[in-house]
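Quick notes on the structure that follows.
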Amino acid sequence: MSNPIRVLIAKPGLDGHDRGAKVIARAFRDAGMEVIYTGLRQTPEQIVETAIQEDVDLIGLSCLSGAHNTLFPRVVELLKAKDAADIKVIGGGVIPSEDIPYLKESGVLEIFTPGTPTTTCIDYVLKNVRK
Amino acid sequence: MSNNMEEIRQNVEAWEKGTVAKTISRFPERKNPFQNTSGFEVKRAYTPLDVQELDYNRDLGMPGEYPYTRGVQPTLYRGRFWTMRQYAGFGKAEESNERYKYLLQQGQTGLSIAFDLPTQIGYDSDHALSQGEVGKVGVAIDSLADMEILFNGIPLDKVSTSMTINAPAAVLLAMYIAVGEKQGIAANKLNGTIQNDILKEYIARGTYIFPPKPSMRLITNIFEYCYKNVPEWNTISISGYHIREAGSNAAQEIAFTLADGIAYVEAAIKAGMDVDEFAPRLSFFFNAHSDLFEEVAKFRAARRLWAKIMKERFGAKKDKSLMLRFHTQTAGSMLTAQQPDNNIVRVTLQALAAVLGGTQSLHTNSRDEALALPTEDAVRIALRTQQIIAYESGAGDTIDPLAGSYYVESLTNTLEKAADVYLKKIDELGGSVMAIENGYMQQEIQNSAYRWQQEIEKGERIVVGVNKFTIEEGAPKGLLRVDPSIGVKQTEKLRELKAKRDQAAVTAALAELRQVAQGSDNLMPVILKAVKVYATLGEICDVLREVFGEYQASVTI
C-alpha cells in the first residue's frame with residue numbers, strides 16, 4: 001500500500017523544450033514519487049509501451065509545440081486499446097485554455113499551464129492518483 | 001575631489017557603521033542577502049573600491065577597439081539603429097510570406113524565419129513524426145518550391161535574412177542561395193545568418209539529427225563554402241539564447257556559449273582553415289532577461305572575453321575576428337500566461353538591456369507568446385517597443401552609456417571571471433563536445449532551472465501576476481490559431497511536387513550526395529545540386545541519416 005507513486009514524464013512529438021518536464025520530474029521525485037523520464041521525441045506508441053513496461057500509475061505529458069490536440073488524446077486511446085486505462089494521464093505546456101475542455105473530454109485528467117507551482121501538481125497527483 | 005582609496009574605504013566603513021546601521025535598525029532591508037540571477041551578492045552600494053583593478057585602456061578601451069568591451073562598432077547606434085528583426089513564421093509558406101511583408105511594411109529592417117519542427121529535424125510534412133506539428137511553431141518547408149513562395153516578392157539583395165535552422169542548416173542555406181539565383185541575385189550579394197549551432201541543440205534545444213562528429217563536419221563545410229562563395233553570410237549564430245531559456249543563469253549563458261564557440265573554431269582549424277578566414281563571419285545570439293544591469297554586464301563581459309580568446313588562444317589577427325557581434329531576443333521563459341499585457345513591460349526592460357549592452361540586432365517577444373504564436377497586433381506592439389526605445393528614449397545617442405558605473409563595471413568583471421572558471425572546467429573535461437556528451441552542461445543548467453523554480457515557489461523571487469499581485473482572470477481572447485488542416489494541405493502540395501519534378505535528376509543527385517557524405521569532400525555543392533532539382537528536405541536528410549546515423553541523447557533528471 002505504501003509503495004511510492006510511479007510516474008512517467010514524457011515528451012511526445014518533436015518539441016525539444018524540456019525544462020518544464022525536467023523541473024516537474026525533479027519536483028515529483030523530491031516529493032517521494034518514483035519518476036522516469038522518456039527523453040525527447042517519443043511517439044504515443046513508445047510512451048504507452050514504456051508506461052506499461054515500467055508499471056507506472058501516471059503519465060505526465062509535456063508539449064510546447066502546439067501538437068497537443070493530436071498527441072495527448074492518442075496516448076489515452078492507446079492506453080485503452082492496451083487494456084491499461086488504469087494508468088492516468090495529465091498534461092502540461094503551452095496549451096491554450098480553449099483546448100483544455102477537448103483534452104479533458106478525450107480522457108486527459110488535468111492540464112497544467114505555465115506558471116503553475118510544482119506544489120499544485122504534486123497535491124493534485126497525491127489526491128487523484130490511486131485514490 | 002579625492003580618489004584616495006584609503007579615504008574612500010574609511011568613508012564606506014563609516015557609512016555602513018553609522019548611517020546605514022542606524023537606518024537598518026529601524027527599517028530592515030527587504031532581503032538578506034540580495035543576489036542576482038548568477039547567484040552573486042549585490043552590494044548595498046558600489047564605489048571606486050569595487051573597480052580598483054579596472055585599467056581603462058586595458059579593460060575597456062574605446063568602442064570599436066580591442067577588447068571591444070564598449071562595443072564592436074566605433075559609432076554604434078549613432079550611425080544606424082540595430083536591425084529590428086522579429087522572429088516569425090507559421091503555417092505554409094504563403095501565410096508566412098504575408099506576415100513578412102506586413103512586418104517589413106511596419107518598419108522592420110530584417111527578416112527572421114521560424115521553421116516548424118519537422119523542417120528543423122529534417123522530416124517532410126508527410127512523415128509519421130510530423131503529425132500535428134506541421135506549420136505549428138514555424139513555417140513548413142519541404143522543398144525549394146516552398147522556399148520560392150516564402151520569399152516571393154521579397155528581394156534578397158535588399159533585406160538580410162536570419163534563419164533559425166540548425167541540424168539541416170546546409171540544406172536551407174542551399175535553398176536560399178537557389179532562390180537568390182532565381183531572383184537574379186548572385187550568392188556573393190546575399191546577406192544573412194543561419195543559426196547552424198548544433199552544440200546548443202544537444203545542450204538545450206533538442207532539434208538535433210546527427211551525432212556531433214558529422215554535425216561538426218557540416219558546419220565547417222558551410223564555413224568553407226561561404227568563405228569562397230557567400231562571403232557576406234554569417235555562417236553560424238552561436239547561441240546562448242536557448243541555454244538561458246533551458247534555465248541557465250547569466251554567467252553560464254556566457255560560458256557555455258563561448259565554450260561552443262571555441263569548439264567550432266577548433267573544428268574549423270582542424271579542418272584546415274585559417275582562423276581569420278572564418279572567424280569574421282561568426283556571430284552570436286543572446287537572451288535578454290529582466291535583471292537590467294546584470295544583462296548589460298553580461299553582454300560587455302562576453303565581448304571582452306571572446307576578444308581575448310580569439311586573440312590570445314587562437315592568434316587571430318584581423319580585427320573582425322575578435323569582435324563578438326550578436327543578435328538578442330528577449331526572454332521567452334520570462335513571459336507569463338497570467339496578465340499577458342504585463343509582458344509588454346517586461347519586454348521593454350529586456351529590450352533596453354540589449355540596447356544598453358550594444359546588440360547588433362533585436363527580436364522583441366510579443367505579449368501573448370506564453371499562450372500561443374503571436375497575433376499581428378501583438379507582434380506590431382513588440383516591434384513598436386523597439387522603435388520607441390530607438391526613436392524616443394535617447395538610449396542610442398551615446399555608446400555604452402553605463403560604462404564607468406561602479407556597479408556595472410564590477411559586475412562585468414565578476415561575470416567575466418565566473419564564465420572563465422566554467423571555460424577552464426570545460427577545457428579540463430576535454431572541451432565542449434566531451435562536456436556535452438557526459439552531460440555536464442545539461443546538469444548545471446537543470447540545477448539552475450530547478451533552483452529558479454524553487455525560489456519562485458518560496459516567494460524569494462517575485463514574478464508579478466504569478467506569485468504576487470495575482471487576479472482572477474478569464475481566458476484570453478483572440479489568440480492566433482494555426483489552421484489544423486495545414487498538415488493535409490502541405491502533404492498534398494508535396495505529392496504534386498513529386499509527380500511533377502524530374503525524378504531521374506533527383507535520384508542521381510541523392511546518389512551523389514550519399515557518395516560525398518561517405519567521403520570527406522565539402523557537402524555544400526552536392527546539397528545545392530539536389531535542392532535545385534527539388535529533392536525534398538526529408539529526402540536529403542534521410543540520405544545523411546543513413547550515412548551519419550542519428551544522435552541519441554543520454555537522459556538525466
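The values are calculated or read from the model by the stated rules, or taken from the named source; none is laboratory data. From a predicted model like this one, the values you see are computed outputs, not experimental measurements. So basically every Cβ, Gly included, is an ideal-geometry build from the backbone, and we count neighbours across all protein chains shown.
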Subject >> Matching option when the condition is closer than 21 Å to B:G206 by Cα, free of Cβ contacts under 8 Å to residues at least 60 places away in the same chain and of a type in the set (D, E, K, R), among A:E77, A:E45, A:E54 >> reply: A:E45
Original post:
Does B:L402 meet the test of being touching a Leu at 6+ places or on another chain (Cβ under 9 Å), surrounded by fewer than 20 Cβ atoms within 10 Å (Cβ to Cβ) and either in a helix (DSSP H, G or I) or not small (G, A, S) (or both)?
Top reply: yes
Original post:
Can you tell me how many residues in the stretch B:277-308 are polar (S, T, N, Q) and either without any contact (Cβ under 8 Å) to a residue 12 or more places away in the chain or in a helix (DSSP H, G or I) (or both)?
Top reply: 0
Subject >> Residue satisfying condition, being among the acidic types (D, E), within 14 Å of chain A (Cβ to nearest Cβ) and either within 22 Å of B:P212 (Cβ to Cβ) or free of Cβ contacts under 8 Å to residues at least 24 places away in the same chain (or both), within set B:D197, B:D116 >> reply: B:D197
Original post:
(1) modelled with pLDDT of 95 or more; (2) surrounded by fewer than 23 Cβ atoms within 10 Å (Cβ to Cβ): which one isn't true of B:V296, the others all being true?
Top reply: (2)
Subject >> A:T38 touching a Pro at 6+ places or on another chain (Cβ under 9 Å), surrounded by fewer than 18 Cβ atoms within 10 Å (Cβ to Cβ), closer than 27 Å to B:Y208 by Cβ and within 12 Å of chain B (Cβ to nearest Cβ) >> reply: no
Subject >> Lone qualifier among B:Q490, B:Q454, B:Q503 - being under 30 Å from B:A187 (Cβ atoms) and without any contact (Cβ under 8 Å) to a residue 40 or more places away in the chain >> reply: B:Q503
Original post:
Taking the stretch B:357-381 on its own, how many of its residues are touching an Asp or Glu at 6+ places or on another chain (Cβ under 8 Å) and assigned to a helix (DSSP H, G or I)?
Top reply: 1
**OP:** Determine whether B:L172 is assigned to a helix (DSSP H, G or I), touching a strand residue (DSSP E or B) at 6+ places or on another chain (Cβ under 8 Å) and touching a residue at least 12 places away in the same chain (Cβ under 8 Å).
**Re:** yes
**OP:** Within the stretch B:234-249, identify whether any single residue is under 26 Å from B:T119 (Cα atoms), of a type in the set (F, W, Y), crowded, with 23+ Cβ neighbours inside 10 Å and more than 14 Å from the chain's Cα centre (by Cα), and answer yes or no.
**Re:** no
**OP:** With the checklist (1) in contact (Cβ under 8 Å) with a residue 60 or more places away in the chain; (2) farther than 25 Å from B:G138 by Cα; (3) among the β-branched types (V, I, T) in hand, flag the one item B:I243 doesn't pass.
**Re:** (2)
Original post:
Looking only at residues in the stretch A:48-59 that are assigned to a helix (DSSP H, G or I) and either in contact with a helix residue (DSSP H, G or I) (Cβ under 6 Å, 6 or more places away or on another chain) or among the hydroxyl-bearing types (S, T, Y) (or both), which one is nearest to B:S130 (Cα to Cα)?
Top reply: A:V48
Original post:
Are any residues in the stretch A:1-17 over 18 Å from B:E133 (Cβ atoms), crowded, with 22+ Cβ neighbours inside 10 Å and touching a residue at least 60 places away in the same chain (Cβ under 8 Å), and if so, which ones?
Top reply: A:V7
Original post:
Just one of B:K311, B:K317 is part of a helix (DSSP H, G or I) and more than 19 Å from the chain's Cα centre (by Cα); which is it?
Top reply: B:K311
Subject >> Residues (touching a Phe, Trp or Tyr at 6+ places or on another chain (Cβ under 8 Å) and closer than 22 Å to B:Q442 by Cβ) located in the stretch B:265-306 >> reply: B:F284, B:F285, B:F286, B:N287, B:K298, B:A302
Original post:
Are any of the residues in the stretch B:335-344 touching a Phe, Trp or Tyr at 6+ places or on another chain (Cβ under 7 Å) and either of a type outside the set (A, V, I, L, M) or free of Cβ contacts under 8 Å to residues at least 24 places away in the same chain (or both)?
Top reply: no
Original post:
Taking the stated definitions as given, is B:D368 within 23 Å of the chain's Cα centre (by Cα) and either among the aromatic types (F, W, Y) or within 14 Å of chain A (Cβ to nearest Cβ) (or both)?
Top reply: yes
**OP:** Would you please name the residue that is nearest to the other protein chains (Cβ to nearest Cβ), looking only at residues in the stretch B:428-450 that are loosely packed, with under 15 Cβ neighbours inside 10 Å and closer than 19 Å to B:R313 by Cα?
**Re:** B:G430
Original post:
Taking B:K317 and the conditions (1) in contact with an Asp or Glu (Cβ under 7 Å, 6 or more places away or on another chain); (2) within 14 Å of chain A (Cβ to nearest Cβ); (3) not aromatic (F, W, Y), which numbered condition does it fall short on, given that it satisfies the others?
Top reply: (2)
**OP:** May I ask you to say which residue of B:S366, B:S321 is surrounded by fewer than 24 Cβ atoms within 10 Å (Cβ to Cβ) and at pLDDT 95 or above?
**Re:** B:S321
**OP:** Would you mind telling me which numbered condition in (1) closer than 16 Å to A:K127 by Cα; (2) touching a residue at least 12 places away in the same chain (Cβ under 8 Å) A:G20 fails?
**Re:** (1)
Original post:
If you check B:E473, B:E512, which single one turns out to be surrounded by fewer than 14 Cβ atoms within 10 Å (Cβ to Cβ) and of a type outside the set (S, T, Y)?
Top reply: B:E473
